[in-house]
Amino acid sequence: MIMSAASASILNTSIFILMGFPGLDQYYPWLSIPFSSIYAMVFLGNCLVLHVIRTEPSLHQPMFYFLAMLALTDLCMGLSTVHTVLGILWGLSQEIGLDACISQTYFVHSLSGTESGVLLAMAFDRFTAICNPLRYTSILTNSRVSHVMGAILMRSALSILPVIIRLKFFHYCRPHILSHSFCLHQDLLRLACSDIRFNSFYALALVICTLLLDAVLILISYVFILHTVLAIASREERLKSLQTCVSHICAVLVFYIPIIGLTMVHRFGKHLSPSVHVLMGNIYILFPPLMNPIIYSVKTQQIRSRMKKWFSLKVK
């Protein structure tokens with residue numbers, strides 16, 4: 001009777017329960033340690049990349065402007081989910097209001113679109129630098145870079161609004177229990193008893209027109225890059241050209257592999273344990289923001305040397 005009364009009260013309010021980590025409740029104090037460390041590394045790593053780019057004049061180039069935007073996007077992704085993920089692990093609250101949940105959904109999905117757009121812009125930067133080096137500075141001027149950044153932000157901020165706004169007016173008649181430690185659009189749709197066909201079709205079209213299209217264009221750019229590099233006579237020059245793309249290729253894989261994995265789990269993994277869904281959701285949210293600063297710090301010579309110099313001065 002008590003449980004049924006509690007379920008009824010949840011159904012009649014706009015409060016949702018975040019799943020957290022099913023079956024691991026007793027381990028939350030221990031799980032909070034690695035998750036807190038990961039979030040700390042996300043914030044420190046991306047802030048460090050932003051600081052190095054801002055303070056080093058030699059890094060004021062289109063490639064590093066896009067990298068700064070990528071770091072800022074990753075930083076915002078961490079900020080948008082840290083309060084619910086760590087709130088659950090620290091035993092603060094597993095509840096979230098509808099408005100807060102919709103806001104978090106908006107930021108998570110729009111930031112994913114932003115990151116995809118930035119990775120596409122970085123691919124175009126590498127394509128221009130390798131395939132058309134003599135016109136690089138005339139093509140990627142500061143003005144054009146600013147316009148590209150603005151277009152990426154506008155696309156990600158506005159394209160998802162129609163489905164996000166509709167979430168506010170849905171009737172959620174199923175138990176308000178979400179599958180993750182944060183809110184996702186597809187998770188809220190699962191609980192709605194309203195007509196969700198527009199949201200389902202629009203979300204699918206949006207994924208095709210943004211994430212999938214971006215991935216295809218990135219792939220096409222690397223086909224042209226590879227064709228140009230293979231035409232270079234010197235082996236050393238070929239390797240040098242390809243090395244400038246390694247960090248970007250790693251960032252693309254780090255971003256798209258978790259998204260594909262989470263999509264597959266949601267579409268075809270209904271029979272899988274809830275822990276698998278939660279694990280893939282957290283990898284999707286945390287892996288790219290954690291790995292991107294490491295990738296670019298290790299693989300980009302300008303940032304690596306600047307950080308070494310900066311830390312050596314701090315030690316002295």
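The values are calculated or read from the model by the stated rules, or taken from the named source; none is laboratory data. As the structure is a computational prediction, the values presented were derived from the model and not from experiment. For neighbour counting, all protein chains shown are included, and Cβ atoms are generated from backbone atoms with ideal geometry for every residue, glycine included. To get the accessible areas, we keep the full protein, side chains included, count just its heavy atoms, and leave off ligands, DNA and RNA. Shrake-Rupley method; radii C 1.70, N 1.55, O 1.52, S 1.80 Å.
Yes or no: PHE64 of a type in the set (Phe, Trp, Tyr), part of a helix (DSSP H, G or I) and open to solvent by 10 Å² or more (accessible area, probe 1.4 Å)?
no
Kindly check whether there is at least one residue in the range 248-270 that is assigned to a helix (DSSP H, G or I) and farther than 30 Å from PHE21 by Cα.
So far as the range 248-270 goes, yes, one or more of its residues are assigned to a helix (DSSP H, G or I) and farther than 30 Å from PHE21 by Cα.
Only one residue in ILE259, ILE218, ILE249, ILE225 is among the β-branched types (Val, Ile, Thr), closer than 26 Å to VAL298 by Cα, in contact with a Cys (Cβ under 9 Å, 6 or more places away or on another chain) and open to solvent by less than 80 Å² (accessible area, probe 1.4 Å), so which one is that?
Step by step, each of ILE259, ILE218, ILE249, ILE225 is checked, and only ILE225 is among the β-branched types (Val, Ile, Thr), closer than 26 Å to VAL298 by Cα, in contact with a Cys (Cβ under 9 Å, 6 or more places away or on another chain) and open to solvent by less than 80 Å² (accessible area, probe 1.4 Å).
Give the residue, chosen from GLY78, GLY91, that is surrounded by fewer than 22 Cβ atoms within 10 Å (Cβ to Cβ), among the small types (Gly, Ala, Ser) and touching a residue at least 40 places away in the same chain (Cβ under 8 Å).
Checking each option against the conditions leaves just GLY91.
Considering LEU286, LEU272, LEU242, LEU230, which residue is out of contact with any Ser or Thr (no Cβ under 7 Å at 6 or more places or on another chain) and closer than 25 Å to THR114 by Cβ?
LEU286
What pairs come up if the first residue lies in the range 194-221 and is touching a residue at least 12 places away in the same chain (Cβ under 8 Å), the second is surrounded by fewer than 11 Cβ atoms within 10 Å (Cβ to Cβ), and their beta carbons are under 7 Å apart, counting only those six or more places apart or on different chains?
SER194/HIS171
Say we look at the range 229-246 and pick out the residues that are open to solvent by 40 Å² or more (accessible area, probe 1.4 Å) and aliphatic (A, V, I, L, M); which of these is modelled with the highest pLDDT?
My answer is VAL246.
Residue by residue, here is whether (1) touching a residue at least 24 places away in the same chain (Cβ under 8 Å); (2) outside any helix (DSSP H, G or I) holds:
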{"site": "LEU119", "(1), (2)": "yes, no"}
{"site": "ILE130", "(1), (2)": "yes, no"}
{"site": "LEU134", "(1), (2)": "no, no"}
{"site": "THR137", "(1), (2)": "no, no"}
{"site": "ARG144", "(1), (2)": "no, no"}
{"site": "CYS173", "(1), (2)": "yes, yes"}
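Among the residues of the range 173-199, write down those that are of a type in the set (S, T, N, Q) and either open to solvent by less than 50 Å² (accessible area, probe 1.4 Å) or more than 24 Å from the chain's Cα centre (by Cα) (or both).
SER179, SER181, SER194, ASN199 - these are the residues of the range 173-199 that are of a type in the set (S, T, N, Q) and either open to solvent by less than 50 Å² (accessible area, probe 1.4 Å) or more than 24 Å from the chain's Cα centre (by Cα) (or both).
Pairs needed: first member in the range 233-247, in a helix (DSSP H, G or I); second member anywhere, open to solvent by 90 Å² or more (accessible area, probe 1.4 Å); C-beta distance under 6 Å; at least 6 residues apart or different chains.
That search, which allows pairs on different chains as well, returns VAL246/LYS299; SER247/LYS299.
Sort through SER297, SER275 and tell me the only one that's touching a helix residue (DSSP H, G or I) at 6+ places or on another chain (Cβ under 6 Å) and either outside any helix (DSSP H, G or I) or farther than 25 Å from ILE160 by Cα (or both).
Only one candidate qualifies: SER297.
For the range 107-150, give me each residue that is closer than 19 Å to SER241 by Cα, open to solvent by 20 Å² or more (accessible area, probe 1.4 Å) and within 16 Å of the chain's Cα centre (by Cα).
If the condition is that a residue be closer than 19 Å to SER241 by Cα, open to solvent by 20 Å² or more (accessible area, probe 1.4 Å) and within 16 Å of the chain's Cα centre (by Cα), then LEU120 is the only one that fits.
Name the residue that is most open to solvent (accessible area, probe 1.4 Å), counting only residues in the range 19-57 that are of a type in the set (Ser, Thr, Tyr) and in contact with a Phe, Trp or Tyr (Cβ under 9 Å, 6 or more places away or on another chain).
So, considering only residues that are of a type in the set (Ser, Thr, Tyr) and in contact with a Phe, Trp or Tyr (Cβ under 9 Å, 6 or more places away or on another chain), the one most open to solvent (accessible area, probe 1.4 Å) is TYR27.
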